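Inspection log for the structure reproduced underneath, given as structure tokens.
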């Protein structure tokens, strides 16, 4: 029940107080994201951790001037691959074989199936798929942040192209998908801090098919 209690505690924090989150908590939040499941285990994204105040100040105007961008402790930028390439796919499969210490015939057949599928697709379609995988890791990071007692603000309200330019993501073959400021709530200045959490009822949200 502890995780559910923490998820009830968390909310999309609208104002942060600037206090610094300890690096051990940040490390565990990032580790939760790293351990997230992704399609074919490709992990087609990177997480950019922005602590630099000047960089955060550059991002704020292209993120609807939301104060949490500059008042947070760490700003996580989930950046998805701009497309799938043979090199990227092979790197993941080669890493798996190296760590496991052997090659598996079925696994190698699966590699060839991916190589014959993804690289031939439209880059925008591939990016959309990769971004969905980044969102899975993003969700794990939010849950771990709540478990750590760290506030977080899911942010899609920003100009991705502008953020990509600020962070030089295009040169890395990446595109920003979603932002996650991490820090501590400023209850005195956050209109949402003491509001009752509202979610659909189970009956409205969940359908069980026996």
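Structure values in brief
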item	result
So residue 48, is it outside any helix (DSSP H, G or I), modelled with pLDDT of 95 or more and under 18 Å from the mean Cα position of the chain (by Cα)	yes
The one condition in (1) farther than 20 Å from residue 34 by Cα; (2) free of Cβ contacts under 8 Å to residues at least 60 places away in the same chain; (3) in the same structural domain as residue 176 (by TED's automatic domain parsing) that residue 108 fails to fulfil	(3)
Elements of type helices (runs of 4 or more DSSP H) in region 117-210, at least 2 residues being in contact (Cβ under 8 Å) with a residue 24 or more places away in the chain and under 22 Å from residue 49 (Cβ atoms)	123-147, 160-167
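For (1) loosely packed, with under 13 Cβ neighbours inside 10 Å; (2) farther than 18 Å from residue 11 by Cα; (3) under 25 Å from the mean Cα position of the chain (by Cα); (4) in the same structural domain as residue 13 (by TED's automatic domain parsing), each residue gets a yes or a no:
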| residue | (1), (2), (3), (4) |
| --- | --- |
| 98 | yes, yes, no, no |
| 101 | yes, yes, no, no |
| 104 | yes, yes, no, no |
| 113 | yes, yes, no, no |
| 131 | no, yes, yes, yes |
| 139 | no, no, yes, yes |
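The values are calculated or read from the model by the stated rules, or taken from the named source; none is laboratory data. As the structure is a prediction and not an experimental result, all values here were calculated from the model. Don't worry about glycine lacking a Cβ; one is built from the backbone with ideal geometry, like all the others, and counts go over all protein chains shown.
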